[in-house]
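Take a look at the structure set out below.
The values are calculated or read from the model by the stated rules, or taken from the named source; none is laboratory data. Only a predicted model underlies this, so the values are computations on that prediction, with no experimental measurement involved. Virtual Cβ from ideal backbone geometry, glycine too; neighbours counted across all protein chains shown. Ligands, DNA and RNA are excluded from the accessible area calculation, which covers all protein heavy atoms including side chains. Shrake-Rupley method; radii C 1.70, N 1.55, O 1.52, S 1.80 Å.
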Amino acid sequence: MKLNKFIFTAGLFAVALTGCTDLDVSPNSQYTEDPSKNSGVDPMIVVEAKMADVYFHLSGTFGRRYMEAQCLSSDEFTALAFDGGYYDDGTYAHQALHNSYATDASLDWYSEVTSGITKANTILEELGSGASAQMTAPARAMRAYFTWILMDSFGDTPILEKVPAEGEVVPRSPRKEVAEWIEKELTEIIPSLTEDVTENTYGKPTKWMATALLAKLYINWAVYTAESVDKYDAATAANPKLDDCIAACDEIINSGKFNLGSVDYLHKFSYDNSWKVEDFIYAMPYDALNLQGFQYARPRSFKQLKNMLPNVYGSTDKFTQSFGGNMVVTPEFAKLFSLEGDIRNLCILRGDVYNRDPKTLRPTNEPFVYNGKQVHFTETINLIKQDNTIDVGNDDNALQQGCHSIKWFIVPNDYNNGRNQSNDLPLFRFADILLMKAEALARLGQGGAKDLFNQIRAYAGAPQINGEPTLQDIYDERGREFFDENWRRNDMIRFGHFEDEFFPHYKNFPDANFDKRHRIFPVEQEMLDLNVGWTQNPGY
């Protein structure tokens, strides 16, 4: 994957922090100056040039902090401290205990998202009222997507349809109104977005990206339109948008442009994945040199991996950058990876660990050895004291507490560049479309979910089911299929499991919080300080 340097600046949200404007795009979109100055240039090329900064605006946010908030607040991961190391003022532990603080570093991306919205609005204002629907649709799609991110994570959200005047404070709109606005935006622009699925449209809004977002909006409609976040009850909530969700999914399925099995499951998320993965509807493309920010391996890999040869990634060169090793899979979630023949079982390291083949990404017969012994990751996690630091100590035994994710496979050539990776991050996948449709059918009491469900099982090599799947079956399957892709928190809330007990979110554990209002995060303190009149989310 090669990405070339391309710089465009855009106006910033009046109260948001300045975002990165030194960004990279596909070679097919390479410009070094604003082509609107040349009247002979196709207007759509002008839009493409202006939009590059918006397309990749959240690469840094997605590559670390957004991931921390979503993964650690779910039952997928917890974050360990090593005799105080990596406690980091509790920012990771707070998410795992559902006891977030408005000053947590893991939640400092609200302003970054709002600045992305303002960049899109700046482009729309520059295009003017005479611009065609085809010219404005990409900016409106990104604006809707960024607004969805805020609404999903923080609830009430400002609806920004223009760049605010200097000093203007835009109020946060009720979550229900925001959901309705996003729906309206998407249904208006979908006909004007490109249907192409090529290298040139990779990482950019297409008809299929917007339709996938619409399906995601519909499957969560009862959550987003509840009277308040704590009033949503998965057992009784009615979702009037399930038929609309199925229709959106069918649009993508019937397009014939996507499939599950162009590459095997492990390689979909590897260091060499790309636009050729036909399961990816919309992705954030990363490159360890030219589009940096993706750093999933740093907290997931064995803490002592630096300079080890041989090592678990099977590389012949050493990793020269350090690792954290502090994000581990919870004991409860690890148990999902137990289906016979399921390739997804290989996404986690547990028990005796063997070095992987960097080409097949599968285990070899060579033990992964540290200090003369084979590394053995335990499902159980033993703390040195029962408190909110989630501390396991810092000896060899402590470093092997908890299972580790190896889904985002790395090579030294990438990681040694400031711990960056070249793994592209899928934001919407075809597999998700199939399982969302299956879920909508199951919720409606209609048949047809089994065939969709078994498509997932078939390509993963897992056992087929004989009857229609239950909602619990679908919830568990979503856990396996979208593990470590930032969807679990969203799923847990919709299925009514966010207040479940899972390590260390136990009812007798210090600072573990079960307040239903904590289904959304607190708004970062800096945004509250800048926006006079905004109030903190209830419960914080």
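A few comments on the model shown:
- Rounded to the nearest whole Hz, the Karplus-based 3J(HN,Hα) values (6.51 cos²θ - 1.76 cosθ + 1.60, θ = phi - 60°) of segment 67-81 follow the sequence 4, 4, 5, 6, 5, 6, 7, 8, 8, 6, 10, 10, 10, 8, 10, with x at glycine and proline.
- Cα convex hull volume per residue for segment 281-408 (Å³): 152 Å³
- Here the dipole of the chain is about 720 debye; that uses its Cα centre as origin and unit charges on the Cβ of Lys and Arg (positive) and Asp and Glu (negative).
- Segment 239-299 versus segment 461-540: alpha-carbon centroid distance in Å: 22 Å
- Computed on the Cα trace of segment 59-102, the radius of gyration divided by the Kirkwood hydrodynamic radius gives Rg/Rh = 0.97.
- Percentage relative contact order, the chain, counting C-alpha pairs under 8 Å, at least six apart: 20 percent
- Dipole magnitude of segment 182-279, debye to nearest 20 (Cβ charges: Lys/Arg +1, Asp/Glu -1, about Cα centre): 120 debye
- Among the protein heavy atoms of the chain, carbon and sulfur supply 46% of the accessible surface, probe 1.4 Å, non-protein parts ignored.
- Distance between segment 163-201 and segment 416-443 - C-alpha centres, whole angstrom: 21 Å
- Around the amide H of residue 356, modelled in the peptide plane, lie the amide H atoms of 313, 314, 364, all under 5 Å away and 5 or more residues distant in sequence or on another chain.
- Taking the DSSP bridge list for the chain and keeping only pairs wholly inside it, about 90 percent are antiparallel.
- Heavy-atom accessible area per residue - segment 183-262, 1.4 Å, Å²: 40 Å²
- Kirkwood estimate for segment 310-363, i.e. one over the average of 1/r between Cα atoms, Å: 13.0 Å
- Coordinate range along principal axes, alpha carbons of segment 163-264, Å, largest first: 45, 42, 27
- Dipole magnitude (debye, nearest 20) for segment 374-468, charges at Cβ of Lys, Arg, Asp, Glu: 400 debye
- Accessible area in the full protein assembly, largest first, 1.4 Å probe, for 231, 241, 373, 119: 373, 231, 241, 119
- 5 angstrom amide H check on residue 403, placed H, neighbours 5+ away: 329
- Only one of (1) 166; (2) 156; (3) 137 was calculated from the structure for volume of the Cα convex hull per residue in Å³, and its label is (3).
- Linear extension gain, residue 42 paired with residue 386, 0.36 nm per residue minus alpha-carbon span: 117.5 nm
- What the Cα atoms of segment 394-482 give is an Rg and a Dmax of 18.1, 54 Å.
- Alpha-carbon radius of gyration plus Dmax, which is the widest Cα pair, for segment 39-151 in Å: 18.6, 64
- Segment 229-280: proportion of alpha-carbon pairs further apart than 15 angstrom, %: 64 percent
- Cα lying deepest toward the dipole's positive end in segment 389-540, options 482, 445, 435, charges on Cβ: 445
- Fully extended contour minus Cα-Cα distance, from residue 236 to residue 169, at 0.36 nm per residue: 20.4 nm
- Put 272, 500, 414 in order of accessible area, highest first, and with a 1.4 Å probe you get 272, 500, 414.
- Only one residue of 137, 282, 124 has its Cα farthest out toward the positive end of the dipole of the chain, where Lys and Arg carry +1 and Asp and Glu -1 on Cβ, and that residue is 282.
- Using the Stokes-Einstein relation with a Kirkwood hydrodynamic radius computed over Cα pairs, the translational diffusion coefficient of segment 411-540 at 25 °C and a viscosity of 0.890 mPa s comes to 135 µm²/s.
- For segment 346-436, radius of gyration divided by Kirkwood radius, i.e. Rg to Rh on alpha-carbons: 1.04
- A helix-only calculation puts the chain at -10000 deg cm²/dmol for mean residue ellipticity at 222 nm, using -39500 (n - 2.57) for each DSSP H run of at least four residues, averaged over all residues.
- Given charges at Cβ of Lys, Arg, Asp, Glu: the chain dipole, positive-most of 312, 534, 405: 312
- Prolate/oblate/rounded label for segment 236-347 (Cα gyration tensor, a/c 1.5): prolate
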